[in-house]
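What follows is a set of notes on a single structure, which appears directly below.
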Amino acid sequence: MPNKFRNGTSSNGSRRDELIKKLVKLRGQAEKDGLEKERVRQIFLKSWNSAAEVRAENKFEDGESNANSASSGLAPVVDRVWSFLLYWLFSKVPAKKNTLVYVFSLIFPVMLAFLLMLYTADFSFTLLVDDVRAMPCLVDTNFMVMEITRPVENCDICRGFDSVPVVENLSREEFLERHAYSGVPVLVTGATANWTAMQAFNFSFFKQLYEGIDGALLNVEEECQFFPYNTEFRTLAEVFNMTEDRAAFKENERTWYVGWSNCHPEVASVLREHYERPYFLPVDSESSALDWIFMGGSGIGANIHLDFVQRPSWQAQISGQKIWTLIPPPECEDVCKESMKVTVNKGDIIVVDTNIWYHSTYVTPGEISITIGSEYD
Ligand SMILES: O=C(O)CCC(=O)C(=O)O
Ligand SMILES: [Fe+2]
């Protein structure tokens, strides 16, 4: 099941950003000097050698997601806990250690942590998974590894323009030639004409759809991905349990914005009654079986991040308005504009390779923002 690996970059910015920039430049230089991409990658990975990072590297290698792993047995959970513990311990153990220090700073805490882990496991492995998943150091570690081992981009993705191209009618040929696989983003206005989604999709539509199909909510938890962003929701079921007032963004109610992927076939077939593949996608391009839905009120949507997917994505604005900020990869900063904002209105479709462009979203005040999208190849 293809998954978006969403790589958060929300916290402790500038020192890490500086470091990343330096590493990216170094990597670019190494490639210019004739070292093969794979060799450069190996060198960077080798020098990135704490236990936690090695774990993250494995994640990077197999393209697995950081999402709901509770379904795949206890092994990944135990692995993650161990990665974290080792990372924590190695960063705490003094460089020169005598036996006593060694026992107290390494073996003792490891045993204690292990016992604690077993103890916790009896009660709730789900909670443990949540806790570990929420640990920012794991996310950051992944981010660093992924950023410095990411292949250098070809900066044609932005050469010659400093705003996202906006078109009204886009033929398949034009799309194929200019955007489909080039990494050049595009906004196609008025592209959802005839989609009944424009009338049908709203909070209660999704609530009824998911609550009405046996196992659909659980399927999101176990097989797909759920992004709570800045909310307290842990599952899509919790989202649909919020009060009507909150769902309607009544005054004094806490605002919310969430996203999830759907991989339940029955839900997918209902969704697809209401939307079509964007008309400009190449006939022979395959669409992913996953639908991505983002829904919520005014304010920050997704924080700046890069996804870990091989395929470009499209996203249709069904309701409301959203501003996307696209930031080119650091190695293209001399060629590209530093960042580009593009407003996506109801009825528009944005196409972005979210694997190349750092991106964030902001929902403008007004109607609830609802989008549906997918990947294509
Ligand atoms: O729509 C959003 O708020 C975020 C979308 C996104 O990050 C994506 O599609 O990759
Ligand atoms: Fe994304």
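Read the figures in this text as sums done on the coordinates, not as results from a lab. Source: prediction; values computed, not measured. Quick reminder, even Gly has a Cβ in these numbers, built from the backbone with ideal geometry, and neighbours come from all protein chains shown.
Structure notes:
- Formal net charge of residues neighbouring residue 296 (Cβ-Cβ distance under 13 Å; K, R +1; D, E -1): +1
- For the range 195-240, size of Cβ-based charge dipole, Lys and Arg +1, Asp and Glu -1, in debye: 220 debye
- Each other residue within a Cβ distance under 10 Å of residue 247 adds +1 if Lys or Arg and -1 if Asp or Glu, for a net charge of 0.
- Note on the range 246-323: Cα convex hull, mean projected area over all directions, 7.0 nm².
- Charge dipole of the range 200-306 about the Cα centre (unit charges at C-beta), most positive-ward option of 282, 242, 304: 304
- Here is the list for the range 321-371: GluC sites (Glu not before Pro) lying in DSSP coil, each with at most 10 other C-beta atoms within 10 angstrom of its C-beta, are 338.
- Dipole check for the range 225-269: with +1 at the C-beta of Lys and Arg, -1 at the C-beta of Asp and Glu, and the Cα centre as origin, the magnitude is about 120 Debye.
- Here's the picture: a label point sits 7 Å out from the Cα of residue 286 along the beta-carbon direction, and within the range 355-377 the residues with their amide nitrogen under 11 Å of it are 377.
- Relative contact order of the range 254-377, taken over Cα pairs closer than 8 Å and 6 or more residues apart, is 38 percent.
- Using C-alpha pairs under 8 Å with a sequence gap of at least 6, the mean separation divided by the residue count of the range 187-331 gives a relative contact order of 28 percent.
- Bridge type composition, the range 155-375 - antiparallel percent by DSSP, nearest 5: 95 percent
- Rg/Rh (Cα only; Kirkwood hydrodynamic radius) as it applies to the range 155-375: 0.96
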